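Shown next, in structure tokens, is the structure this report addresses.
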Amino acid sequence: MTDHPRAAGTPRAPDAAPAPPPPVGTGGTVAPLTRIIRDALDRLRAFDRRRPRVWDAAVTGFWVVAAVLDYTSGGWRTVARDDVTAPEPLVLLMSVCFSLPLLWRRGHPMAVLLVMAPASLVNIWTGAVVQAALLQLIPVFHIVLRSSFRTVGAAAALFVAPVLAIGVRIPSAWGQEVVSYVWGLVFVVLLGIAVRTRREYTEALVERAHRLERERDQQARLAAAAERTRIAREMHDIIGHNLSVITSLADGGAYAARKNPERAGQALEAIGATSRQALSELRRLLGVLRDAGAEAGRAPQPTLDELAPLIERVRRAGLPVQLELEGDPRALSITPGRQLTVYRVVQEALTNTLKHATGPTSATVTLTCSHTHLDARITDTGTGAGPAVDAEDAVPPTQGIMGMRERAALYDGTVEAGPLPNGGGWQIRLRLPLEDTPP
């Protein structure tokens with residue numbers, strides 16, 4: 001459902017207010033009669049939206065015919081005062097002046113009321129009291145629906161002023177003309193306020209539904225983007241690390257094949273083992289992305305216990321790595337997410353060393369555990385430039401460093417990457433709090 005605002009001077013929506021929510025019974029079904037009435041009103045509104053002038057002409061024609069019949073049948077004489085001085089052609093003219101302007105009641109209700117005001121004054125002053133004068137309440141109703149309360153007050157004064165004027169001149173007119181006109185005005189104003197309140201409430205519900213739809217779509221897009229980022233990060237860690245290890249093993253095996261075939265065979269076995277592990281991790285990751293009907297392997301994510309096998313694979317790839325532990329991680333209740341973060345940061349750091357370091361290189365992984373924080377420091381002695389630097393340096397971070405920082409930020413941690421102070425290598429420092437920061 002959408003709103004259809006109309007500019008001034010153009011036909012508005014039909015006279016009736018938007019249909020309220022259908023009543024439901026105990027079984028949750030709409031009553032047959034209510035459904036028939038609602039469907040008929042919906043079709044009427046749809047027709048009015050397509051052909052508003054047809055509806056306006058039909059309503060105006062009905063009231064013009066009713067006013068003329070009241071004149072031709074002499075019905076107006078039954079309510080006229082005894083001292084009526086209006087000639088019959090004037091009565092016919094007043095009947096037309098009260099009914100014909102209704103054609104523009106929705107586009108210009110105040111102008112219609114202004115056109116009717118002189119006829120109303122003549123009607124009361126001459127004592128004819130044509131009943132068509134009550135048709136002024138129709139533009140008043142539309143003014144209440146559309147305009148401010150100040151405009152409604154002006155319209156009410158314009159409607160009542162001729163009646164009050166004649167009431168002052170002829171005190172006997174209070175019992176018939178003045179009271180009936182005032183009560184009619186009060187009823188129409190209250191009805192207009194009720195319809196307007198209901199319409200605004202319905203429009204607010206529609207707008208809220210649209211806003212919730214937009215927010216739901218935005219949340220879905222954000223969730224999809226976050227999931228794509230997480231998958232890309234996992235794919236980068238798995239493929240980048242394992243391919244770097246395989247490349248180093250292949251280069252070392254090619255070199256060893258000329259001098260030591262046995263070492264070349266060991267390199268090929270290590271390549272096969274690393275490839276199988278990479279395929280297994282990729283298969284497990286991609287299996288989770290399949291439909292719910294497909295059974296996907298859900299092996300646990302790496303933990304701190306997997307650091308030793310990781311370092312062993314890197315050693316077999318040709319990079320001497322030493323693991324140093326300060327404190328016992330098993331004595332602390334470290335969440336699986338934090339353990340995975342440490343594992344991936346160490347994996348990415350050693351992969352960067354394999355890819356970017358030149359010359360004789362060794363690496364050290366230092367894991368420090370305290371009661372409040374978990375720190376990991378990965379250093380190497382390579383002479384090549386590192387893959388990324390901190391924000392204050394000229395070179396922007398690569399995807400690997402950005403992935404490390406994103407992982408650490410999930411647990412209010414930090415990652416610093418840069419050259420060692422003496423310029424003889426590279427270091428990456430991870431610091432993770434063991435407890436979540438309170439909001």
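Read the figures in this text as sums done on the coordinates, not as results from a lab. Since the model is a prediction, treat every value here as computed from it, not as a measurement. Here Cβ is always computed from backbone atoms with ideal geometry, including for glycine, and neighbour counts include all displayed protein chains.
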Could you tell me whether the range 109-163 comes out rounded, prolate or oblate from its Cα gyration tensor? Rule is a ≥ b ≥ c as square roots of the eigenvalues, rounded for a/c under 1.5, then prolate if a/b exceeds b/c, otherwise oblate.
prolate
Residues whose built amide H sits under 5 Å from the amide H of V321, excluding neighbours closer than 5 in sequence, are A363
Contour minus Cα-Cα distance for L114 and T229 (0.36 nm per residue)
34.8 nm
Cα-based equivalent ellipsoid of the range 298-353: semi-axis lengths in Å, sorted from largest, via gyration tensor:
20, 14, 10
Can you tell me which of 320-327, 347-354, 413-420, 140-147 comes out highest on packing, and rank the rest after it, using the mean Cβ neighbours within 10 Å?
347-354, 140-147, 413-420, 320-327
For T368 and D217 in the same chain, what is the full-extension length gain: residue separation times 0.36 nm, less their Cα-Cα distance, in nm?
50.0 nm
Peptides ranked, highest mean first, by Cβ atoms within 10 Å: ranges 42-51, 188-197:
188-197, 42-51
So what are the ³J(HN,Hα) numbers for the range 214-227, from phi and the Karplus equation (6.51, -1.76, 1.60; θ = phi - 60°), rounded to whole Hz, Gly and Pro as x?
5, 5, 5, 5, 5, 4, 5, 5, 5, 5, 5, 5, 5, 5
Once phi for every residue in the range 148-160 is put through the Karplus expression 6.51 cos²θ - 1.76 cosθ + 1.60 (θ = phi - 60°), the whole-Hz ³J(HN,Hα) values, with Gly and Pro written as x, are 6, 5, 5, 5, 4, x, 5, 5, 5, 5, 5, 6, 8
